[in-house]
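The values are calculated or read from the model by the stated rules, or taken from the named source; none is laboratory data. All of these numbers come straight from a predicted model, not from anything done at the bench. Neighbour counts run over all protein chains shown; Cβ positions are idealised from the backbone, glycine included.
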Amino acid sequence: MISSYTLGIYPRSEELIEATRKHTSNLSSLFQKETKGYITQQKKAKLGYVSDPLLRWDDIFRPFSQLKSVKPAALNRIYEMNTFYRKLSFENGIASSGKIIKSNLAMSLLPKNRAVCMPEPYTFADRHLSSKHKNKDEFVLELAKMLHKEALTLVEAGFKLIQLVGPSIAYNNKINFNLVKEGLDILTRGVKAKTILHFYFGDVSKKIDRLLDLPVSGLGFDTTTTPISAIKKHSFSGKSLAIGLVNSYTTKIENKNKSISEINQIVSKTRPKEVFVSTNFDLEYIPKKFANEKILVLGEIARGVKDV
């Protein structure tokens with residue numbers, strides 16, 4: 001059996017969305033109830049790693065708005081999606097205790113096999129602003145130092161797998177891979193957890209050779225944007241491979257047998273050190289009912305794939 005996990009933010013129910021708009025008196029209890037429900041669903045699906053559904057997070061960067069050096073700026077489109085995130089403006093140096101992410105997780109509800117999601121530094125700098133740093137390179141490296149502190153805190157809190165989301169690496173045609181590598185080297189240094197760098201919102205077929213050189217445990221792919229045929233062309237010897245085959249773009253539930261066959265073929269060609277099955281990106285773009293169904297089928301697919 002291979003392992004499995006979901007990626008990123010989950011959808012809020014209609015009841016929770018309405019309560020959030022009106023800021024009702026039972027809002028906190030609703031967040032807690034739905035968070036517990038999603039964690040229970042992941043356990044029911046027997047996923048290898050269980051994640052906080054991040055229902056309180058408006059976007060993957062928003063918790064960092066709590067830093068004293070940050071001011072919320074304008075809303076900006078999430079790449080080509082019809083949704084938005086709040087840009088953050090770093091007005092001074094990036095000072096952090098390294099406890100932002102942990103303090104925004106339902107720690108008491110998570111089991112020991114816990115995973116967590118955070119942005120990687122290149123994507124973070126690409127999507128936000130800094131009046132303090134003279135150039136993007138400096139901004140990336142300072143963010144990497146901040147995220148390194150976060151990662152160390154999360155490992156101390158028992159997280160076994162850290163998902164580093166890098167959509168800007170996929171989305172942008174021109175990438176400074178030396179800068180990406182330097183940022184990740186800072187972030188992952190001394191971090192005793194598996195680190196999976198996950199790509200979506202763009203095809204990384206032509207970048208995979210360079211991506212395999214990055215200082216992370218493994219790479220994760222959205223197979224709706226990076227074709228399976230491209231992934232198969234590369235050896236993942238010594239690296240972990242996360243296959244984002246469960247599609248968060250659509251409510252259509254995956255065919256279990258077809259998915260198992262596709263993953264077996266990928267594994268036989270790429271020969272990775274370790275294999276994960278995952279969602280291709282955040283489940284938040286589909287209704288709660290379908291998100292729960294996809295969590296269950298994800299577990300079924302993982303249990304059906306041949307071990308490496």
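Of the numbered criteria (1) in contact with a Pro (Cβ under 9 Å, 6 or more places away or on another chain); (2) surrounded by 16 or more Cβ atoms within 10 Å (Cβ to Cβ); (3) under 22 Å from K294 (Cβ atoms), the one D203 fails is (3). A search for C-beta distances below 6 Å between a residue of segment 262-287 that is touching a residue at least 60 places away in the same chain (Cβ under 8 Å) and any residue that is surrounded by fewer than 24 Cβ atoms within 10 Å (Cβ to Cβ) and of a type in the set (S, T, N, Q), counting only pairs 6+ apart in sequence or on different chains, returns E274/S240; F276/S3; N280/T224; N280/N247; I286/T251. Only one entry in T20, T6, T35 is surrounded by 15 or more Cβ atoms within 10 Å (Cβ to Cβ), free of Cβ contacts under 8 Å to residues at least 40 places away in the same chain, under 20 Å from L283 (Cα atoms) and not small (G, A, S), namely T20. In segment 28-77, of all residues being part of a loop (DSSP other than H, G, I, E, B) and hydroxyl-bearing (S, T, Y), the one that is nearest to P121 (Cα to Cα) corresponds to S69. If only residues of segment 106-130 that are among the hydroxyl-bearing types (S, T, Y) and part of a helix (DSSP H, G or I) are counted, the one that is farthest from E80 (Cα to Cα) is S108.
Candidates are the residues of segment 78-94 that are part of a loop (DSSP other than H, G, I, E, B) and hydrophobic (A, V, I, L, M, F, W, C); the one that is surrounded by the fewest Cβ atoms within 10 Å (Cβ to Cβ) is M81. For I94, the conditions (1) modelled with pLDDT of 90 or more; (2) aliphatic (A, V, I, L, M); (3) in contact with a Leu (Cβ under 8 Å, 6 or more places away or on another chain) are fulfilled apart from (1).
Go through segment 98-128 and give me each residue that's surrounded by fewer than 18 Cβ atoms within 10 Å (Cβ to Cβ) and under 15 Å from F61 (Cα atoms). Of everything in segment 98-128, those that are surrounded by fewer than 18 Cβ atoms within 10 Å (Cβ to Cβ) and under 15 Å from F61 (Cα atoms) turn out to be G98, K99, K102, S103, N104.
No other residue among L147, L179 is in contact (Cβ under 8 Å) with a residue 12 or more places away in the chain, within 20 Å of A95 (Cα to Cα) and either assigned to a helix (DSSP H, G or I) or out of contact with any strand residue (DSSP E or B) (no Cβ under 8 Å at 6 or more places or on another chain) (or both) apart from L147.
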